[in-house]
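The values are calculated or read from the model by the stated rules, or taken from the named source; none is laboratory data. Bear in mind that the values here come from a model prediction, so they are computed numbers and not experimental data. Here the Cβ positions follow ideal geometry from the backbone for every residue, glycine too, while neighbour counts run over all protein chains shown. Protein only, heavy atoms only, side chains kept; ligands, DNA and RNA dropped before computing areas. Shrake-Rupley method; radii C 1.70, N 1.55, O 1.52, S 1.80 Å.
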Amino acid sequence: MARRPIIAGNWKMHNNKAQAKELIDGIMYGVSQLDASKMPEVVVAPTYTALWQVYDLIKNEPKIALSAQNVNPNPSGAYTGEVSLDMLADFNVKFVIIGHSERRQMFGETDEFINQKAVAILEKGLIPIICCGETLEQREAGVTDAHLEEQITKALKGISADDVKKSVIAYEPIWAIGTGKSCDAVEANRTIGEIRKVVAKLYSADVADAIRILYGGSVKPSTIVEQMAQPEIDGGLIGGASLQADSFVDLIKGAM
Ligand code: 13P
């Protein structure tokens, strides 16, 4: 089955109002020049404070979809500083990034909390982009595949096969994030193939064939073509290179 590629820009904690406008204007101009029938699914994940503005600017641009960088799985209540799915749905948010290593490492998010988010996101009809990835120590110790199996198994707990088919996984080796040192494309392909086998073991070959699995970690215009040529890699989750319209549009072109 052909899986539609995704190029997703994770803006992380970057871009005030003016910067967000400049970036999305540049991306919109770039994608207006591209043939929609050949394009990957293009996703931008601004900060919460820029969501409304970006939503408003892209609302008539079907070539760009909106993602949030996080969500709280509870419907509402006394959760100071948090944002609910209902609030995200107001802005036509289609995807939500969960389980990013920055949230796991800096904000203590557990596999169980990430699973709660995945369940809530799918219940609301949005799509989780479930991040997983190993540290350098884990890779050097040869436990990468076992670690990813544990992260994926826990993240998908209690989720139906149909919902898993719609979901997205992003394999982001922690040592490759923001370091400029992208994982070798062949090795990223192998690792993503292992993640797909985990999904096949938990569900079926059919589900594993449907779920889209992205690679993230120092993806650049100079690496994307080789990465996209790998059969297991369904696209990229991109940090640094998504912050300039030119390079983000080059990444989109590299996935066409
Ligand atoms: P970089 O592309 O800056 O390495 O970031 C990757 C990432 O963490 C995307 O979520």
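In this structure, does Glu134 turn out to be among the acidic types (Asp, Glu) and surrounded by fewer than 22 Cβ atoms within 10 Å (Cβ to Cβ)?
Values: among the acidic types (Asp, Glu): yes; surrounded by fewer than 22 Cβ atoms within 10 Å (Cβ to Cβ): no.
It is false that Glu134 is among the acidic types (Asp, Glu) and surrounded by fewer than 22 Cβ atoms within 10 Å (Cβ to Cβ).
Taking residues in the stretch 148-167 that are outside any loop (DSSP other than H, G, I, E, B), and partners anywhere that are open to solvent by less than 50 Å² (accessible area, probe 1.4 Å) and among the charged types (D, E, K, R), the pairs with Cβ atoms closer than 8 Å and at least 6 places apart or on different chains are Leu148/Glu134; Glu150/Asp111; Gln151/Asp111; Lys154/Asp111; Ala155/Asp111. The set of residues in the stretch 100-118 that are closer than 19 Å to Ser167 by Cα and in a helix (DSSP H, G or I) comprises Ser101, Asp111, Glu112, Phe113, Ile114, Asn115, Gln116, Lys117, Ala118.
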